Number of protein chains: 2
Amino acid sequence: MIRSCISALLFIVCLHAESADRIWTARYVVTMDAQHRLIENGAVAVRGANIVAVGPRAEIEAKFQAAERLDRPDAILMPGLINTHTHAAMSLLRGIADDRTLQDWLEHYIFPAEKKNVTPEFVFEGTRLACLEMMLSGTTTFTDMYYFEDRVAEAAKEAGLRGVVGDTVIAFPSPDAKTPDDALAWTEQFLQRYRNDPLIVPAVAVHSPYLASAETLRKARALANQYGAPMLIHVSETKKENEDSEKAHGMSPARYLDSLGFLNGRTVAAHGVWLSDSDIQLFHDHSVGVAHCPGSNMKLASGVAPITKMIAAGVAVGLGTDGPAGSNNDFDLMRDMYLAAVVQKVFTGNPQVLPAMQAVELATMGSARVLGMQDTIGSLEPGKRADMIVLRLDRPHAVPMYDVYSQIVYALTGSDVEDVMVNGRTIVRDGVSTTLDAARVMSIARAYQSRISSSLSTR
Amino acid sequence: MIRSCISALLFIVCLHAESADRIWTARYVVTMDAQHRLIENGAVAVRGANIVAVGPRAEIEAKFQAAERLDRPDAILMPGLINTHTHAAMSLLRGIADDRTLQDWLEHYIFPAEKKNVTPEFVFEGTRLACLEMMLSGTTTFTDMYYFEDRVAEAAKEAGLRGVVGDTVIAFPSPDAKTPDDALAWTEQFLQRYRNDPLIVPAVAVHSPYLASAETLRKARALANQYGAPMLIHVSETKKENEDSEKAHGMSPARYLDSLGFLNGRTVAAHGVWLSDSDIQLFHDHSVGVAHCPGSNMKLASGVAPITKMIAAGVAVGLGTDGPAGSNNDFDLMRDMYLAAVVQKVFTGNPQVLPAMQAVELATMGSARVLGMQDTIGSLEPGKRADMIVLRLDRPHAVPMYDVYSQIVYALTGSDVEDVMVNGRTIVRDGVSTTLDAARVMSIARAYQSRISSSLSTR
């Protein structure tokens with residue numbers, strides 16, 4: 001009698017269970033939602049590309065039946081990391097010329113190497129390598145400005161990564177455009193082609209206020225606003241850039257951009273190392289987001305961006321690795337999350353600034369806000385895209401654990417990433433990419449290395 | 001006829017081949033010797049605890065026959081990393097209280113947690129966990145100052161790590177000594193017990209000039225010199241320490257120590273963040289080495305040690321992680337090597353300072369010099385102890401590679417360590433410890449975590 005009652009109950013429960021495509025469970029679910037909910041023994045249910053439920057494991061299991069499950073009883077499940085500034089294809093130039101001044105590096109290594117080597121194929125293969133590295137270290141969305149960005153979009157889609165992608169408009173002839181106008185015309189076609197893509201957000205990208213004319217800056221902004229596309233640009237990366245801007249325009253780079261109406265629309269400003277208090281206020285008033293790249297800014301000795309002030313002023317701040325050829329040398333956003341926290345502490349002289357949870361926020365919701373994508377990515381919440389990662393806790397450096405956020409920021413690294421889902425699709429499982437053939441991607445990269453090395457030695 | 005000639009030749013070669021216990025070969029052998037020899041397709045031959053030859057693989061193979069070999073055709077073989085300052089057992093308190101002021105952290109978390117929990121067993125198990133983490137991330141020698149250091153020595157020997165180990169002499173009652181004199185008496189016995197150990201270098205450790213009386217400092221120095229032991233001490237870690245010293249003694253901590261004769265003998269000064277130019281000169285004149293701990297100094301907002309100046313002045317500078325409970329949170333010396341390079345660049349405003357090779361030098365020969373062990377460890381040279389590590393190059397973030405040193409410092413991490421040998425013994429193979437049972441060590445650490453958490457919540 002009891003048995004048949006239970007059977008009947010189970011039958012009713014099953015009848016009422018909603019279906020999901022995938023359920024991932026973990027010891028800790030870090031949601032990064034507005035309440036910063038941390039769920040012990042939690043689960044996330046996914047249907048199609050979207051999260052349909054986040055909660056205690058028992059609750060989710062009672063409510064959903066899933067075709068596929070992944071249980072990680074000794075791990076953290078959290079939103080995927082969002083890289084707001086990089087030049088992915090430069091992976092093929094990783095470490096080609098380190099420990100040099102920016103000028104020496106650009107003029108004697110990067111520009112010659114790019115001039116001789118950057119082709120559509122170079123960009124595709126370099127971005128593939130970068131995507132592989134990014135997914136293996138927990139990045140689910142990256143923001144790219146380089147050349148031949150249609151090939152970047154293609155590589156991202158093959159990898160299964162989300163990409164915010166813009167072709168660099170720059171004052172001199174580039175590998176893929178003779179003039180800024182050519183680049184803008186190309187960009188318009190690109191915006192049309194990718195406007196409804198599930199993974200690619202096409203963007204307009206202008207190199208910087210100093211490598212684009214006022215006319216180009218105005219046209220680029222008009223184009224971006226016409227398509228509702230984000231604008232990517234480097235702003236106030238070095239002290240010299242600010243000094244030059246004062247000489248040329250009598251104002252800071254930020255203020256100069258504003259004087260052209262360039263800040264009237266969604267803008268992702270990379271670096272912002274030398275923003276003044278008044279520039280920060282300007283960014284706040286125009287909802288300009290800042291892509292903070294601590295690793296790059298330290299290695300190139302650009303300075304330390306005052307992000308504590310920016311956050312206090314209400315400016316959206318996210319994280320970027322910058323390119324891997326001299327600025328950073330890898331795409332591990334976990335390292336930049338760590339660096340953001342510790343460099344801000346030593347720079348301000350206060351160990352309490354940028355505590356661990358805020359550093360995690362930078363790499364997730366902060367970055368989503370910078371890109372204007374806070375409604376679709378950056379946290380684990382029903383209705384958002386299913387972009388999430390699993391971090392292992394079964395290695396010695398992850399034991400013991402007194403605080404989940406501290407562990408993520410100060411002890412774990414990109415190599416602790418075990419599984420990755422983007423847009424509802426599993427792209428990393430057990431630390432292995434399910435979308436890219438790692439051995440093949442690395443072997444192609446090595447072939448490029450030989451070719452690039454000889455091109456440099458014969459210059 | 002030809003065949004028998006070859007056989008005869010091989011026989012002669014074999015007759016002339018010297019025997020070795022182990023030969024390790026790799027795509028690149030980074031020697032860190034005085035010429036900074038980098039050998040492509042190189043090998044190291046080991047007999048007993050010592051390196052007997054380093055050279056091109058073909059040469060070593062022609063000259064030596066080995067019972068055991070390890071071939072790593074896609075890896076770097078380099079000297080083991082040397083940690084010149086840590087508190088290993090604090091691994092059990094990893095991240096127990098982050099993002100706090102030093103005072104709050106010490107008074108409300110560390111001291112109460114230590115008072116209730118630090119026993120000989122705690123120290124043994126905590127050091128075991130630390131040793132596991134250190135070996136897996138490429139450290140072969142660590143320098144420890146904590147309590148119950150006989151248990152630290154025991155754990156290090158079980159793990160197979162080399163340890164420079166000193167029991168902390170401190171002004172107030174500590175977990176293992178009621179008075180500084182008790183601690184010194186204990187230390188003398190410890191110095192006698194371990195004076196001829198192949199792995200343990202017993203040291204004298206005094207907490208700092210501000211937590212030891214002038215009398216204790218003098219006695220400690222006399223004891224160290226009597227046994228030819230290194231002296232471990234924290235010096236000029238924070239600005240407040242320097243200000244307090246000026247108030248109390250009318251001079252800097254370094255100058256105060258000198259006024260007591262404390263610097264007359266081998267000394268490892270941890271941190272040195274606030275050393276003045278004249279302090280640096282003083283350290284040079286007395287051959288005091290500095291254990292630079294960039295991760296700790298950044299996280300605790302202590303400041304950035306002027307190591308570029310120290311190196312220019314001829315002071316020996318090495319690297320330390322510091323303890324993992326708030327200062328750093330892990331033992332990955334690869335991270336501190338990276339941090340040392342990039343924080344020095346941004347701090348001096350010059351991207352050319354502390355180039356990659358010099359950063360590798362800090363973690364190897366520099367650290368060996370700091371410990372006064374430059375004749376036995378720190379480089380791969382015949383006659384030195386066989387302490388060496390293998391770094392994998394077969395992961396996406398290690399491809400392509402244009403410069404070995406750049407790759408080590410800016411792209412690789414502790415998780416790329418594949419094999420580790422200390423004193424001629426293989427202690428890590430394929431990323432797995434051969435001396436410690438990782439699952440058991442972590443399970444014990446988790447049990448401590450529960451106990452410590454409850455002890456804190458009921459304080």
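Values as computed for the structure displayed
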quantity	calculated
Check: the protein assembly as shown dipole with +1 on Lys, Arg Cβ and -1 on Asp, Glu Cβ, in debye	760
Residue-averaged [θ]222 nm for the protein assembly as shown, counting only DSSP H segments that reach four residues, each worth -39500 (n - 2.57)	-11500 deg cm²/dmol
Inter-label distance, nm, simple model (7 Å from Cα along the C-beta direction), A:Ser259/A:Asp394	6.1
Under 18 Å from A:Lys219, Cα to Cα: aspartates and glutamates that are on another chain or at least 8 residues apart	A:Asp167, A:Asp181, A:Asp182, A:Glu188, A:Asp258
The stretch B:81-370 - percent of accessible surface contributed by carbon and sulfur, probe 1.4 Å	52
Two-decimal Rg/Rh across the protein assembly as shown, once Rg and the Kirkwood Rh are taken from alpha-carbon atoms	0.99
10 Å binning of all Cα-Cα separations within the stretch B:215-298, expressed as whole percents from 0 upward	18, 52, 27, 2
Using distinct alpha-carbon pairs, which all enter the 1/r mean, Kirkwood radius of the stretch B:306-459 in Å	17.8
Label 7 Å beyond Cα on the Cβ vector: B:Phe172 copy-to-copy distances, nm	6.3
Between 0 and 90°, nearest 10: helix B:438-457 axis offset from chain B longest Cα axis	10
Per the axis that maps chain B onto chain A, nearest residue of B (Cβ criterion) and its distance in Å	B:Ser415, 2
Cα centroid of the stretch B:356-378 to Cα centroid of the stretch A:141-157, whole Å	43
Accessible surface, the stretch A:81-370, averaged per residue in Å² (probe 1.4 Å)	29
When each of B:Lys116/B:Lys178; B:Lys309/B:Lys384; B:Lys239/B:Lys345 is checked by Cα-Cα distance, pairs over 27 Å	B:Lys309/B:Lys384
Three semi-axes of the equivalent ellipsoid, chain B, Cα gyration tensor, whole Å, largest first	39, 24, 22
Test item: B:120-132 mean partner chain Cβ contacts at 10 Å	1
Farthest toward positive dipole pole in chain B [+1 Lys/Arg, -1 Asp/Glu at C-beta], among B:Gly378, B:Ala222, B:Asn50	B:Asn50
Positive dipole terminus of chain A, leading residue within A:Val422, A:Leu93, A:Gln358 (C-beta point charges)	A:Val422
FRET efficiency for A:Glu18 and A:Ala58, using Cβ-Cβ distance with R0 set to 22 Å, rounded to 0.05	0.90
At q = 0.25 Å⁻¹, base-10 log of I(q)/I(0) for the stretch A:133-185 (Debye sum, equal scatterers on each alpha carbon)	-0.89
Shielding by other protein chains, A:415-422, mean Cβ within 10 Å	1
Sites B:Ser278 and A:Ser450, calculated FRET efficiency, Cβ-Cβ separation with R0 56 Å, nearest 0.05	0.60
Paramagnetic label zone (point 7 Å from Cα along Cα-to-C-beta, A:Lys239; backbone N under 13 Å) in the stretch A:294-327	A:301-304
Pseudo-label separations to other copies for B:Arg195 - Cα-to-Cβ vector, 7 Å, nm	8.5
Dipole axis of the stretch A:115-189 (+1 Lys, Arg; -1 Asp, Glu on Cβ), positive-most option in A:Ala153, A:Cys131, A:Thr119	A:Cys131
Full-extension gain in nm, B:Gln352 to B:Gln374, via 0.36 nm per residue minus C-alpha separation	5.3 nm
In Å², nearest 10: area of B:Asp176 left accessible to a 1.4 Å probe	40
Size of electric dipole in chain A: Cβ of Lys, Arg +1 and of Asp, Glu -1, about Cα centre, debye, nearest 20	400
Trypsin sites (Lys or Arg not before Pro) within the stretch B:179-222, DSSP loop, no more than 13 other Cβ atoms inside 10 Å	B:Arg195
Position B:Ser278, label points 7 Å along Cα→Cβ, spacing to each other copy in nm (shortest first, one decimal)	4.3
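The values are calculated or read from the model by the stated rules, or taken from the named source; none is laboratory data. Small disclaimer: the values here were computed from a predicted structure and weren't measured. When we count neighbours, we look across all protein chains shown, and the Cβ atoms used for this are built from the backbone with ideal geometry, even at glycine. Side chains included, ligands, DNA and RNA excluded: accessible areas come from the protein's heavy atoms. Shrake-Rupley method; radii C 1.70, N 1.55, O 1.52, S 1.80 Å.
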